[in-house]
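Comments concern the structure below.
The values are calculated or read from the model by the stated rules, or taken from the named source; none is laboratory data. As the structure is a prediction and not an experimental result, all values here were calculated from the model. Glycine also receives a Cβ, built like all others from the backbone with ideal geometry; neighbour counts cover every protein chain displayed. Heavy atoms of the whole protein, side chains included, go into the accessibility calculation; ligands, DNA and RNA do not. Shrake-Rupley method; radii C 1.70, N 1.55, O 1.52, S 1.80 Å.
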Amino acid sequence: MHIYIMRFFIIFLLFTQFLFSKSLEKIILDEYIRVGVKFEYKPFAFINNDGRIDGFEIDLINSMMEKLYIRVKFIEVSSKNKEKMLLDDKIDILLAGMIPKENKNSNISFSKPYFFDEQIVLVNNKEKIKSFSDLKGKYVGAIKGSTHLEKFLKIQSEVTSITFTQYPQLISALTYNNIDAVTADSSWAKEQIKLHDGKFKILDDVISTNKYAIALKSDNKDLKKTINSLFEKISNDKTYENIYKKWF
């Protein structure tokens, strides 16, 4: 009987460890936090020329966690797997363009917004495309796992939609005219215009306005409270303003 009780206790411990995310106390004791970001989403997070992770979201989280004297371990996620990575406890918090109003999972909670953006359409400068109606019969690309295509198709459904797993593939397809347009976030699109010497342009029409927030598991209320407090601190001491000016 004693053996069965011990087995039950071990299984219970394993189950609860899987069910509940890493607590704030555990994060502080471990002296590090695991943060999910996209590694190819410039200017938010990307690998720079020195082979290091860099970007707006990287500076943002580093500046916040410095106040807790803990290290940050950045873990790569994609649009397709990012929520699963969070719920499977592979990461403690998640950035990567998370939009609270699009979340349908009650097990995921959000911090206060840290960035405001718009969903737009990016096209080649030489193309005579000026509005969404001009895209009728055209090929439109977006990142697989994102909600960009879904929202765009509600406005202009008479297109052929194509999804890509990575952002370099997406912009490459537009560069070589394999697709006619890309629907994505404005901040990313503006970065592509700079990187490609004005080869692209953004259409005037806006599909939606979005707020980015830090995602975490709903049961981690202390961590959420702390993240909001840290964000308030870096906002008040102008750290956030300086990071924003650096990248945008």
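Go through (1) out of contact with any strand residue (DSSP E or B) (no Cβ under 8 Å at 6 or more places or on another chain); (2) surrounded by 21 or more Cβ atoms within 10 Å (Cβ to Cβ) one by one and return the number of the condition residue 174 breaks.
Of (1) out of contact with any strand residue (DSSP E or B) (no Cβ under 8 Å at 6 or more places or on another chain); (2) surrounded by 21 or more Cβ atoms within 10 Å (Cβ to Cβ), only one is false for residue 174: (1).
Does any residue in the stretch 44-70 that is touching a residue at least 40 places away in the same chain (Cβ under 8 Å) come within less than 9 Å, Cβ to Cβ, of a residue that is part of a strand (DSSP E or B) and among the small types (Gly, Ala, Ser) six or more places away or on a different chain, and which pairs are these?
55/45; 56/45
Any idea which of 197, 180 is modelled with pLDDT of 95 or more, out of contact with any Ser or Thr (no Cβ under 8 Å at 6 or more places or on another chain) and either open to solvent by 30 Å² or more (accessible area, probe 1.4 Å) or of a type in the set (Phe, Trp, Tyr) (or both)? Reasoning before the result, please.
Numbers: 197 fails: modelled with pLDDT of 95 or more.
180 is the lone residue from the list that is modelled with pLDDT of 95 or more, out of contact with any Ser or Thr (no Cβ under 8 Å at 6 or more places or on another chain) and either open to solvent by 30 Å² or more (accessible area, probe 1.4 Å) or of a type in the set (Phe, Trp, Tyr) (or both).
When both residues are 6+ apart or on different chains and their Cβ atoms are under 8 Å apart, which pairs have a first residue that lies in the stretch 89-101 and is aliphatic (A, V, I, L, M), and a second that is open to solvent by 30 Å² or more (accessible area, probe 1.4 Å)?
91/34; 91/75; 91/85; 93/34; 94/83; 94/85; 99/147; 99/211
Out of all the residues in the stretch 205-220, is one or more closer than 30 Å to residue 25 by Cα, charged (D, E, K, R), outside any strand (DSSP E or B) and open to solvent by 50 Å² or more (accessible area, probe 1.4 Å)? Spell out how you get there, then give the answer.
In the first step, residues of the stretch 205-220 are kept if they are closer than 30 Å to residue 25 by Cα; the result is 211-220.
Going one step further and asking which of them are charged (D, E, K, R), we end up with 211, 217, 219.
Those still in the list that are outside any strand (DSSP E or B) too: 219.
Cutting the leftovers down to open to solvent by 50 Å² or more (accessible area, probe 1.4 Å) gives us 219.
Yes, the stretch 205-220 has at least one match.
Answer yes if at least one residue in the stretch 107-123 is of a type in the set (Gly, Ala, Ser), open to solvent by 30 Å² or more (accessible area, probe 1.4 Å), within 24 Å of residue 39 (Cα to Cα) and outside any helix (DSSP H, G or I), and no otherwise. Reasoning before the result, please.
Going residue by residue through the stretch 107-123, those that are of a type in the set (Gly, Ala, Ser) are 109, 111.
Right, trim to open to solvent by 30 Å² or more (accessible area, probe 1.4 Å) and you get none.
Checked against the condition, which is being of a type in the set (Gly, Ala, Ser), open to solvent by 30 Å² or more (accessible area, probe 1.4 Å), within 24 Å of residue 39 (Cα to Cα) and outside any helix (DSSP H, G or I), the stretch 107-123 yields no hits at all.
In the stretch 202-234, what count of residues is obtained for those that are closer than 13 Å to residue 93 by Cβ, touching a strand residue (DSSP E or B) at 6+ places or on another chain (Cβ under 9 Å) and among the aliphatic types (A, V, I, L, M)?
Residues meeting the conditions: 6.
Enumerate the pairs (first residue in the stretch 161-184 and within 22 Å of residue 207 (Cβ to Cβ) and part of a loop (DSSP other than H, G, I, E, B); second residue anywhere and open to solvent by 30 Å² or more (accessible area, probe 1.4 Å) and of a type in the set (Lys, Arg)) with beta-carbon separation below 7 Å, excluding pairs fewer than 6 apart on the same chain, so at least 6 apart or on different chains.
Taking only residues 6 or more apart or on different chains, the pairs are 165/144; 180/138.
Before we move on, is residue 78 among the polar types (S, T, N, Q) and either without any contact (Cβ under 8 Å) to a residue 40 or more places away in the chain or in contact with a helix residue (DSSP H, G or I) (Cβ under 6 Å, 6 or more places away or on another chain) (or both)?
Values: among the polar types (S, T, N, Q): yes; either without any contact (Cβ under 8 Å) to a residue 40 or more places away in the chain or in contact with a helix residue (DSSP H, G or I) (Cβ under 6 Å, 6 or more places away or on another chain) (or both): no.
No; evaluated as a whole, the condition is false for this residue.
Looking at residue 232, is it open to solvent by 80 Å² or more (accessible area, probe 1.4 Å), outside any strand (DSSP E or B), at pLDDT 95 or above and not polar (S, T, N, Q)? Outline the logic, then answer.
Numbers: open to solvent by 80 Å² or more (accessible area, probe 1.4 Å): yes; outside any strand (DSSP E or B): yes; at pLDDT 95 or above: yes; not polar (S, T, N, Q): yes.
So residue 232 fits the description; yes.
So which residues in the stretch 49-87 are open to solvent by less than 40 Å² (accessible area, probe 1.4 Å) and over 15 Å from the mean Cα position of the chain (by Cα), if there are any at all?
Across the stretch 49-87, the qualifying residues are 63, 64, 65, 70, 72.
With (1) part of a loop (DSSP other than H, G, I, E, B); (2) open to solvent by less than 20 Å² (accessible area, probe 1.4 Å) as the list, and residue 142 as the residue in question, which single condition is left unmet?
All conditions pass for residue 142, except number (1).
State the number of residues belonging to the stretch 122-145 that are without any contact (Cβ under 8 Å) to a residue 40 or more places away in the chain and over 24 Å from residue 195 (Cα atoms). So that I can check it myself, show each step before the final result.
Here is the first cut: in the stretch 122-145, the residues without any contact (Cβ under 8 Å) to a residue 40 or more places away in the chain are 126, 128, 133-134, 136-137.
Next, only the ones that are over 24 Å from residue 195 (Cα atoms) stay: 133-134, 136-137.
Qualifying residue count for the region: 4.
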